[in-house]
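Step one of this worksheet: look at the structure below.
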Amino acid sequence: MEQKQIEELIKKAQEAREFSYSPYSNYMVGAAALTAEGDIYTGCNIENAAYGPTNCAERTAIFKAVSEGKRKFTAIAIVGGKRGSAGDYAAPCGVCRQVMMEFCDPQTMQIIVAKSVTEYKLFTLLQLLPEGFGAANLE
Ligand code: THU
């Protein structure tokens with residue numbers, strides 16, 4: 001992936017993080033997903049007083065895109081951290097990894113776990129979800 005594209009995704013994830021609705025955990029997360037068509041969809045975590053309905057930033061971004069007809073993703077940047085912190089490494093939860101499995105090629109999907117535009121870790125989905133269960137298993 002090009003450096004410029006990585007930086008753009010991290011910046012968009014940082015911006016999306018500002019919209020985090022997290023009055024219970026005070027842990028703010030933002031994500032920016034890149035579609036195969038080259039569009040960027042952003043999302044934040046959205047919590048709920050009943051806790052269970054909480055939606056992670058990654059799934060918010062991916063579901064926004066899927067609900068507009070985009071079904072393939074090539075990268076996603078994630079920035080998390082407690083309210084007040086500029087950003088910390090926040091690797092995607094297991095549920096979000098499984099959702100990525102549905103809409104991404106695990107070998108090439110780039111997951112950018114970022115603290116800032118200059119401090120980030122890069123993983124493929126295959127690295128974070130080895131032996132993942134997907135649509136191919138049901139063929
Ligand atoms: N969270 C995310 O948005 N993404 C992750 O991958 C990890 C967790 C959110 C859910 C909840 O609102 C808060 O972070 C604390 O778990």
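Report, in debye and to the nearest 20, how large the dipole of the stretch 1-115 comes out about its Cα centre when Lys and Arg carry +1 and Asp and Glu carry -1 on their Cβ. The dipole of the stretch 1-115 has a size of about 200 debye. Working from Cα pairs under 8 Å separated by at least six residues, relative contact order for the stretch 53-98 is 34 percent.
Placing unit charges on the Cβ atoms only, positive for Lys and Arg and negative for Asp and Glu, gives the stretch 77-139 a dipole magnitude near 420 debye about its Cα centre. From helices alone, the chain scores -8000 deg cm²/dmol at 222 nm; the rule is -39500 (n - 2.57) for each run of n ≥ 4 DSSP H residues, then divide by the residue total.
Relative contact order, whole percent, for the chain stands at 21, derived from Cα pairs under 8 Å and 6 or more residues apart. Computed on the stretch 33-79, with alpha-carbon pairs under 8 angstrom and 6+ residues apart, the relative contact order is 46 percent. First check a/c for the stretch 42-139, with a ≥ b ≥ c the square roots of the eigenvalues of its C-alpha gyration tensor; if it is under 1.5, answer rounded, and if not, answer prolate when a/b is larger than b/c or oblate otherwise. Oblate, since a/c reaches 1.5 and b/c is not below a/b. Remark: the stretch 1-61 carries a charge dipole of roughly 160 debye about the Cα centre, counting +1 on each Lys and Arg Cβ and -1 on each Asp and Glu Cβ. On a per residue basis, the convex hull of the C-alpha atoms belonging to the stretch 49-92 measures out at 107 Å³. Annotation: the antiparallel percentage among DSSP beta bridges lying fully within the chain is about 75.
Quick note: the coordinates plus some simple rules give every number you see, no bench work behind them. Just so you know, these numbers come straight off a predicted model, no measurement behind them. Cβ sites come from the backbone with ideal geometry, for glycine too, and all protein chains shown count toward neighbours.
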